[in-house]
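Peer 1: One structure coming up, written as structure tokens, with questions to follow.
Nothing in this text is a laboratory measurement; each read-out follows from the coordinates by a stated rule. Just so it is clear, the structure is predicted and the values come from calculations on it, not from any experiment. A quick note on method: Cβ atoms are made from the backbone with ideal geometry, for glycine too, and the neighbour counts reach across all protein chains shown.
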Amino acid sequence: MRYVTPGTRLCFASEYEAGPGTYEREEYIYSSVVGIVQEFIPTVSTNTGEEKKQSKIITVSKEKHQSSIPDVGNIITGKVIRMTTREAVVSIMVVGNIPCKDDYQGIIRSQDVRATEKDKVKIIESYRLGDIVKAEVISLGDARSYYLSTAKNEYGVIYAQSVAGAMMVPISWQNMQCTKTKAVELRKCAKPEDLFSKNQ
């Protein structure tokens, strides 16, 4: 059983006909949905009652219960593995509560970090390499890549280590503190439940 995401190249167009859930571009057939790849050879009955095989058809059927493949609207947990001045690249580890079996990456663009003052966002002040983040899949990118958002209060960094290598805890929406040195570092924190409840 083979699961694919939109934009995944499936085969040469000369080998199959594009069925439901796929599309043909240039000399290849690609998946247009998240789902399972299926292949079959249709047959038709001739005037003599014999069955005649047609060209092979490849399809991708949606799999509603397979949530370990990211899709728009899913909540993911992942690790920041690369950063630029404009975006952070996240290796998606978990979709919902189900671990990912394959390697999927998400991109958090500067405009998707938070809901307010988007033009003032700096990636380096929001995430650091190695941070574990919780985010929402907002759109599909290229094959095996997704655009993510941490704009909502409940999304952002959920685990981080300080420069000293110790665990950090959120002390505000934009700051985390090292449990060892008490130094404060900037982050776009996921909703800090303990702090929030104290301020009620």
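Peer 1: Once you place label points 7 Å from the Cα toward the Cβ at ARG2 and ARG25, how far apart are they in nm?
Peer 2: 1.8
Peer 1: Kindly rank 152-159, 180-187 from highest to lowest mean number of other beta carbons found within 10 Å of each residue.
Peer 2: Working: 152-159: 18.4, 180-187: 14.2.
My ranking of the peptides, most packed first, is 152-159, 180-187.
Peer 1: If you add up the charges near GLU17, with Lys and Arg at +1 and Asp and Glu at -1, over every other residue whose beta carbon is less than 11 angstrom from its beta carbon, what do you get? Show your work: numbers first, answer last.
Peer 2: Numbers: positive: LYS56; negative: GLU15, GLU24, GLU39.
Once all neighbours under 11 Å are counted, the net charge is -2.
Peer 1: How charged is the neighbourhood of SER110? Take every other residue with its Cβ under 12 Å from the Cβ of SER110, and add Lys/Arg as +1 and Asp/Glu as -1. Kindly include the intermediate steps, with their values, before the conclusion.
Peer 2: Details: positive: ARG86, ARG109, ARG114, LYS118, LYS120, LYS122, LYS188; negative: GLU87, ASP112, GLU117, ASP119, GLU125.
Once positives and negatives cancel, what remains is +2.
Peer 1: What aspartates and glutamates does LYS56 reach when the alpha-carbon gap must be under 12 Å and sequence neighbours fewer than 8 apart in one chain are set aside?
Peer 2: List returned: GLU15, GLU17, GLU39.
Peer 1: Lys and Arg at +1, Asp and Glu at -1: add these up for the other residues within a Cβ distance under 12 Å of SER139 and post the number.
Peer 2: Numbers: positive: ARG109; negative: ASP71, ASP112, GLU136, ASP142.
Here the count lands on -3.
Peer 1: Of the listed pairs LYS79/LYS152; LYS101/LYS152; LYS120/LYS182; LYS101/LYS191; LYS118/LYS180, which have alpha-carbon separations greater than 23 Å here?
Peer 2: LYS101/LYS152; LYS120/LYS182; LYS101/LYS191; LYS118/LYS180
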